[in-house]
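**Q** The following block contains the structure, expressed as structure tokens.
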Amino acid sequence: MQTPPVPPVPPEMPQIPPIGPIITGEDIMGIVLFSMAGLAVMVWLIARGPIGHAIGEVIKRWLGGARHEPGELQELNTRLDAMQHQLAELAERQDFTERMLAQVRRDKALPGGSDVAG
């Protein structure tokens, strides 16, 4: 009976020295904290600018509607009253014009006949 051949033993791999610096867990934690601080500063800068104010206005409307200043509401009420007054005047003028047209048609109608313009 023959003994199985012994596989050749690979030569031991030589240790390769690291090319760059070795990064430890403390280094990674420092990088993460520095990145988070930078991100917080960027978010703060954006929030303080016009984009942040616009986003804030949208959130205000979602949460409780836009709050108006008392002077702004007074101005809107004044403008609404003026528009209602103008609309009432236009309605009166239309009534007057319709009555005048009806009177002209009545005056021009032939006696004993019906209105031709009909």
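**Q** Looking at 105, 48, 61, 99, which one is touching a residue at least 12 places away in the same chain (Cβ under 8 Å) and either touching a Leu at 6+ places or on another chain (Cβ under 8 Å) or not hydroxyl-bearing (Ser, Thr, Tyr) (or both)? Reasoning before the result, please.
**A** On the way: 48 fails: touching a residue at least 12 places away in the same chain (Cβ under 8 Å); 61 fails: touching a residue at least 12 places away in the same chain (Cβ under 8 Å); 99 fails: touching a residue at least 12 places away in the same chain (Cβ under 8 Å).
It is 105.
**Q** Using the structure shown, decide if residue 22 is of a type outside the set (Lys, Arg) and exposed (fewer than 10 other Cβ atoms within 10 Å of the Cβ).
**A** Details: of a type outside the set (Lys, Arg): yes; exposed (fewer than 10 other Cβ atoms within 10 Å of the Cβ): yes.
When the stated conditions are applied, residue 22 passes them.
**Q** Could you pull out the residue among 44, 62 that is surrounded by fewer than 10 Cβ atoms within 10 Å (Cβ to Cβ), part of a helix (DSSP H, G or I) and out of contact with any strand residue (DSSP E or B) (no Cβ under 9 Å at 6 or more places or on another chain)?
**A** Values: 44 fails: surrounded by fewer than 10 Cβ atoms within 10 Å (Cβ to Cβ).
Going through 44, 62 in turn, the sole match is 62.
Bear in mind that the values in this text are calculations on the coordinates, not laboratory data. For clarity, every value in this text was computed on a predicted model and none was experimentally measured. All Cβ positions, even for glycine, are placed from backbone atoms using ideal geometry, and neighbour counts span all protein chains on display.
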